[in-house]
Amino acid sequence: MDRIPVAGPWVTEAEVAEVAEAARSGWYENAGHYVARFERDFADYIGVKHAAAVPHCTSALHLGMLALGFGPGDEVIVPDITWIASAAPLAQVGATPVFVDIDPETWVIDPASVEAAITERTRGIIPVGLYGLTPDYDALRAIAERHGLKILEDAAQVIGSRYKGKLAGNFGDISVFSFHGTKLIATGEGGMLVTDDDDLFERVSVLRDHGRTKENFKNFYNTELGYKYRMNSVTAALGAAQLARVEELIGRKREIFGWYRDRLGGMNGVTLNAEPADRFNTYWMTTAVLDRDLGQDTQSLMAAFSERGIDTRPFFHPMSKLPAYADTPSAQGAETRNPVAYDISPRGINLPSAMRLTEADVDRVSTALREILGG
Ligand SMILES: Cc1ncc(COP(=O)(O)O)c(C=O)c1O
């Protein structure tokens, strides 16, 4: 029996043709064409003024932190539950992450926990869309405005997701996306930074090109030290062709979740991803959290699935619990401050959500879960 993958893209001949064309023609007078087109298409799709294509979302986050002015002595609030990339570049700019709790129902950053973490050194918030669901942006924006904070929206996992009808990517001073091979739009590695702010965009444009302004593009004349964070034509061609199919890709993710909901939705002790009335969840990653009474933990569940040829991933560990942060001030007291993160993480699991999954695959995963839980 084939192993069922946890994540992976859906690439058609349309994308292959675009990539081949870019490999053939994305040079000389066409050198900037594919990146510029992907940036324009992406900005139009999200409904924002500017987009900058970059090598990955991690570089977009780094650029966002630099452009927003997060630096030494600043505290920036991040949910304890996310991929480490949401916080790691803070170390590169010298700012301190402050890990806060998640909401027990939606698993995304809890505005009350954000409010409680604010000090006179707080400069910004990095809210993270998780597994396809956006945070409560009205509450977060109100807090940011009350305290003069910048929002760097990490929308890596929420391409196509909506909050009160508006697409993710519209809620940050700067917002960032990932096109990693596991994401809804996949280019292998790739990312996008978007903003409505002309000055922030100008700053990002210079920083991502070794401190070179547009006027100096052909003149090897750098006005400051920056970074080399630019996307290439072939990647951009793949991204644009995937973007042209975004509704189909979202439809497939929701279809996969629907298959799981039909089989596991009514199961005692199993909670799947939430979709509050004010949000549209793309269900990028179908995730199950098991009641404590079932006596299962994520690591043994993963092993049991693996024995049955099924690939899964753990619900994110609280970052404050990772060896990477264990000895830093950010981790001190986090377990007490973030009880929900510490409670849910060890009993949550990402179920296979790859684009190529069939209903029969989901059936196999659901049957395996029932079997593991003892019927
Ligand atoms: C929430 C979140 N932020 C940031 C990233 C980083 O994205 P990339 O791998 O494109 O750097 C990821 C990737 O998994 C992510 O899930």
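Summary table below
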{"quantity": "Ellipticity estimate at 222 nm from DSSP helix runs (n ≥ 4, -39,500 (n - 2.57)) divided over the chain, nearest 500", "calculated": "-11000 deg cm²/dmol"}
{"quantity": "Packing-based ranking, highest mean first, of 158-168, 298-308 given that Cβ atoms within 10 Å are counted", "calculated": "158-168, 298-308"}
{"quantity": "Cβ crowding within 10 Å averaged over residues, with 222-235, 323-336, 181-194 ranked highest first", "calculated": "181-194, 222-235, 323-336"}
{"quantity": "Residues with amide H under 5 Å from that of R279, placed H, sequence gap 5 or more", "calculated": "K164"}
{"quantity": "Net charge dipole size for the chain [Lys, Arg +1 and Asp, Glu -1 on Cβ; Debye, nearest 20]", "calculated": "520"}
{"quantity": "The chain - percent relative contact order, Cα under 8 Å, separation 6 or more", "calculated": "23"}
{"quantity": "The chain shape via C-alpha gyration tensor axes, a/c threshold 1.5", "calculated": "oblate"}
{"quantity": "Alpha carbon centroid spacing (whole Å) that separates segment 53-120 from segment 339-374", "calculated": "28"}
{"quantity": "Rounded to 5, the percent of DSSP beta bridges in the chain classed as antiparallel", "calculated": "60"}
{"quantity": "Proximal aspartates and glutamates to K218, defined as alpha-carbon separation beneath 13 angstrom and excluding residues fewer than eight positions away on the same chain", "calculated": "D209"}
{"quantity": "Interchain or long-range residues, amide H under 5 Å from A156's placed H", "calculated": "G129, S178"}
{"quantity": "Simple Cβ-charge dipole of segment 246-372, Lys/Arg +1 and Asp/Glu -1, about Cα centre, in debye nearest 20", "calculated": "80"}
{"quantity": "In Hz, Karplus ³J(HN,Hα) per residue of segment 236-241 (6.51, -1.76, 1.60; θ = phi - 60°; x = Gly, Pro)", "calculated": "5, 5, 5, x, 5, 6"}
{"quantity": "Sequence-separation-based contact order of segment 236-375, relative, with Cα cut under 8 Å and 6+ spacing, percent", "calculated": "30"}
{"quantity": "Taking the C-alpha atoms of segment 166-221, convex hull volume expressed per residue in Å³", "calculated": "100"}
{"quantity": "In sequence order, calculated HN-Hα J values of segment 180-196 (Karplus, 6.51, -1.76, 1.60; Hz; x Gly/Pro)", "calculated": "3, x, 8, 7, 4, 9, 10, 10, x, 10, x, x, 9, 10, 10, 7, 8"}
{"quantity": "Neighbour net charge for S353 - beta-carbon separation under 12 angstrom, K R +1, D E -1", "calculated": "+3"}
{"quantity": "Peptide ranges 211-221, 119-129, 263-273, 64-74 listed from the most packed, as the mean C-beta count within 10 angstrom indicates", "calculated": "119-129, 64-74, 263-273, 211-221"}
{"quantity": "Amide H contacts of T287 (H built 1.01 Å from N, under 5 Å, at least 5 apart or other chain)", "calculated": "N273, L351"}
{"quantity": "In order through segment 53-64: 3J(HN,Hα) via Karplus (6.51 cos²θ - 1.76 cosθ + 1.60), integer Hz, x for Gly, Pro", "calculated": "7, 9, x, 6, 5, 4, 5, 5, 5, 4, 4, x"}
{"quantity": "Inter-centroid distance (Cα atoms) of segment 252-321 relative to segment 147-175, Å", "calculated": "24"}
{"quantity": "Cross-link partners of K253 among lysines (Cα-Cα below 24 Å; sequence separation of 8 or more within a chain)", "calculated": "K164, K166, K183"}
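Bear in mind that the values in this text are calculations on the coordinates, not laboratory data. Nothing here was measured: the structure is a model prediction, and the numbers come from that model. For neighbour counting, all protein chains shown are included, and Cβ atoms are generated from backbone atoms with ideal geometry for every residue, glycine included.
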